[in-house]
Amino acid sequence: AKVQGKGHCEVFDARMHAFAINQLNLETDLRRALERHELAVYYQPLVNLANGGIEGFEALARWQHPERGLVSPLEFIPVAEDTGLIVSIGRWIMQEACRQLSAWQAQFPGLQAKISVNVSGVQFAQPDLADTVLQVLEDARLEGRYLKLEITESVLMHSSEGANAALGRLQKREVQFLVDDFGTGYSSLSYLHSFPIDVLKIDASFVRRMAVEAKHDEIVQAIVALARSLKMEVIAEGVETLASLARLRELKADFGQGYVFSPPVDAQAATHLLASRPHW
Ligand code: C2E
Ligand code: CA
Ligand code: CA
Ligand code: CA
């Protein structure tokens, strides 16, 4: 048993070593990814459940690594956060997404679609957050009312007065704020009063299981009711089946996002999607 124990230990060490090297390589590669144009923005439609049209898109980062292939944001965003690279990467993603929407507005006159961009905790804590966002909007010639910033519940819970002031400045320009992964963070809801929140995005874990577990259906109902009483809009993410789509319509959730409509797609495919004026 002793020998086996030692063996396990060596295997473990080897794995830890491999993991550490992997992270190190990722970090080095990530530093070069921006200059080498390996990062891209994908777009996933947010659907207005009342009329079935496209309400907007969420911008999602993708990394086309020369050797590893497509690296998931679940893998590289944490590395980007740990190293502070998320500040320049996040800014680039916001720029790219705003420029793309501005281009779509020129191509499709009267387009009312909005763009949602994820803002990580590290970005949210930057003292120049508001200046950065306003500069991006100006460079892209995009009005603030077309931009939504997605901030996770846990980041909002831990944020400072400074961040709150930044949101206030952006709110004056009609930028909207959305609580991402709502329901997974913390039990206290007091932050909902402290920040100018416009939209709650119900976490996919509730939406995916609502059809099979009554409890999850009830949680979704409760979040929709909470959003109503706080005069906020509500998005359901992770809408994968026609059954959950039908149920969300019954519950009068405002918007849906998920594979039942479309996965995240590249800019060209998103342009085709807009041109085809889908109706779900
Ligand atoms: P998120 O913000 O919760 O984004 C939603 C994720 O759910 C996306 O994963 C999307 O592709 C996936 N998804 C969409 N529809 C469905 C569905 O019907 N079922 C299921 N199971 N999943 C669905 P993705 O693109 O891999 O991104 C993962 C996470 O990485 C994001 O979660 C977000 O936290 C982070 N992330 C992605 N892009 C960025 C970014 O530009 N900046 C920051 N800070 N974080 C990002
Ligand atoms: Ca998000
Ligand atoms: Ca989410
Ligand atoms: Ca999530």
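No lab work stands behind these numbers, since they all come straight from the coordinates. The structure presented is a predicted model; accordingly, all values stated were derived computationally and were not measured. Here the Cβ is made from the backbone with ideal geometry for all residues, glycine too, and neighbour counts use every protein chain on show.
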Discussion item. Quick check on the chain: helices-only [θ] at 222 nm, where DSSP H runs of length 4 and up contribute -39,500 (n - 2.57) each and the sum goes over total residues. Nearest 500, please.
Written reply: -15500 deg cm²/dmol
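What shape does the stretch 200-239 take by its C-alpha gyration tensor, where a ≥ b ≥ c are the square roots of the eigenvalues and a/c under 1.5 counts as rounded, a/b above b/c as prolate, and the rest as oblate?
On the way: a/c = 3.58, a/b = 1.61, b/c = 2.22.
Taking the square roots of the gyration eigenvalues as a ≥ b ≥ c, the stretch 200-239 is oblate.
So, by mean Cβ neighbours within 10 angstrom, what's the order for 119-126, 139-146 with the highest one leading?
On the way: 119-126: 19.1, 139-146: 15.6.
In decreasing order of mean packing, 119-126, 139-146 become 119-126, 139-146.
Calculate the translational D of the stretch 54-109 in whole µm² s⁻¹ from Stokes-Einstein, where the hydrodynamic radius comes from the Kirkwood formula applied to all Cα pairs, the temperature is 20 °C and the viscosity 1.002 mPa s. It would help to have the intermediate numbers written out before the result.
On the way: Rh = 12.9 Å.
Answer, rounded: 166 µm²/s.
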Fill in: Rounded to 10°, Cα long-axis angle of helix 86-107 versus longest principal axis of the chain
30
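What order, most packed first, do the peptides 99-108, 195-204 have when packing is the mean number of other Cβ atoms within 10 Å of each residue?
Descending packing order for the listed peptides: 195-204, 99-108.
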Worksheet, complete the sentence: If every Lys and Arg gets +1 and every Asp and Glu gets -1 at its Cβ, then about the Cα centre the chain yields a dipole, in debye to the nearest 20, of 380
Practice prompt. Mind scanning Lys148/Lys215; Lys114/Lys215; Lys148/Lys231 and naming the pairs with a C-alpha gap bigger than 24 Å?
Written response: Lys148/Lys215; Lys114/Lys215
Worksheet item: Do any trypsin sites (Lys or Arg not before Pro) in the stretch 204-240 lie in a DSSP loop with no more than 11 other beta carbon atoms within 10 Å, and if so, which?
Response: Lys231
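Summarise the long-distance tail of P(r) for the chain by giving the % of C-alpha pairs beyond 23 Å. Spell out each step's value before the answer.
Details: 22643 of 39060 pairs.
Tail fraction, whole percent: 58.
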Worksheet item: Along the charge dipole of the chain, Cβ charges K/R +1 and D/E -1, which of His193, Leu248, Ser262 sits furthest on the positive end?
Response: Leu248
Worksheet item: Using the Karplus equation 6.51 cos²θ - 1.76 cosθ + 1.60 (θ = phi - 60°), what ³J(HN,Hα) coupling, rounded to whole Hz, does each residue of the stretch 50-66 give in order, writing x for Gly and Pro?
Response: 6, 10, x, x, 7, 8, x, 9, 9, 7, 10, 6, 9, 10, 8, 7, x
